[in-house]
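Below: the structure, in structure tokens.
The values are calculated or read from the model by the stated rules, or taken from the named source; none is laboratory data. Remember, it's a predicted structure, so these values are computed and weren't measured experimentally. Ideal geometry is used to build each Cβ from the backbone, glycine not excepted, and the neighbour counts take in all protein chains shown.
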Amino acid sequence: MSDVPCLNCGACCATFRVSFYWGETDAAPEGIIPSLLTEQVNLHYSCMQGTNQPSPRCVALLGSIGEGVRCSIYEKRSSTCRDFSYHGENGQSSPACQRARALHGLPPLPFDPQGPELIPTIAA
Ligand code: SF4
Ligand code: SF4
């Protein structure tokens, strides 16, 4: 069982517009994101289909939010997806992760940036 909370979550993939420079799509020579799963936002940016709407859900997201999910283009996902951290990843807080989870009725992840290891202990 993985410690990564994302496999049982997926909330961020169904909360935000997931946009990125269009050159990340395979419509560009160096791009890898399947352009069939994207749509144009403006001259320079594209986004994942399904995320540019009032109740977003990325078309590449498989499974049930809060239960079990998988990104069907994990190896080809955008830099936006790769750079999004879960709350507590690498010892950093992620208010966006917490907000996405809350919007989907999921409990906050138990990471405290002022964690107990930072509280000085009194030597006996
Ligand atoms: S909302 Fe947070 S825990 Fe959930 S999938 Fe996104 S990064 Fe992972
Ligand atoms: S491409 Fe994958 S990681 Fe990115 S929003 Fe869609 S399902 Fe989530």
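What are the residues in segment 1-34 that are part of a helix (DSSP H, G or I) and within 13 Å of ligand 2 (Cβ to nearest atom), if any?
Matches in segment 1-34: CYS6, LEU7, ALA11, CYS12, CYS13, ALA14, GLU24.
Contact map, segment 55-84: first residue without any contact (Cβ under 8 Å) to a residue 12 or more places away in the chain, second residue within 12 Å of ligand 1 (Cβ to nearest atom) and of a type in the set (D, E, K, R), Cβ cut-off under 9 Å, separation 6 or more or different chains; pairs are LEU62/ARG70. Only one entry of ARG77, ARG82, ARG99 meets the criterion of being surrounded by 18 or more Cβ atoms within 10 Å (Cβ to Cβ) and at pLDDT 95 or above, and that entry is ARG77.
If I ask for residues that are buried (at least 20 other Cβ atoms within 10 Å of the Cβ), away from ligand 1 (no atom under 16 Å from the Cβ) and under 23 Å from ILE65 (Cα atoms), which ones from segment 21-48 would you list? Those that are buried (at least 20 other Cβ atoms within 10 Å of the Cβ), away from ligand 1 (no atom under 16 Å from the Cβ) and under 23 Å from ILE65 (Cα atoms): ILE33, THR38, CYS47. If you go through segment 85-95 and keep only what is surrounded by 15 or more Cβ atoms within 10 Å (Cβ to Cβ) and not aromatic (Phe, Trp, Tyr), you end up with SER85, HIS87, GLY88, GLU89, SER93, SER94. Taken residue by residue, segment 55-68 has no member that is out of contact with any Cys (no Cβ under 9 Å at 6 or more places or on another chain), farther than 27 Å from ALA102 by Cβ, aliphatic (A, V, I, L, M) and surrounded by fewer than 18 Cβ atoms within 10 Å (Cβ to Cβ).
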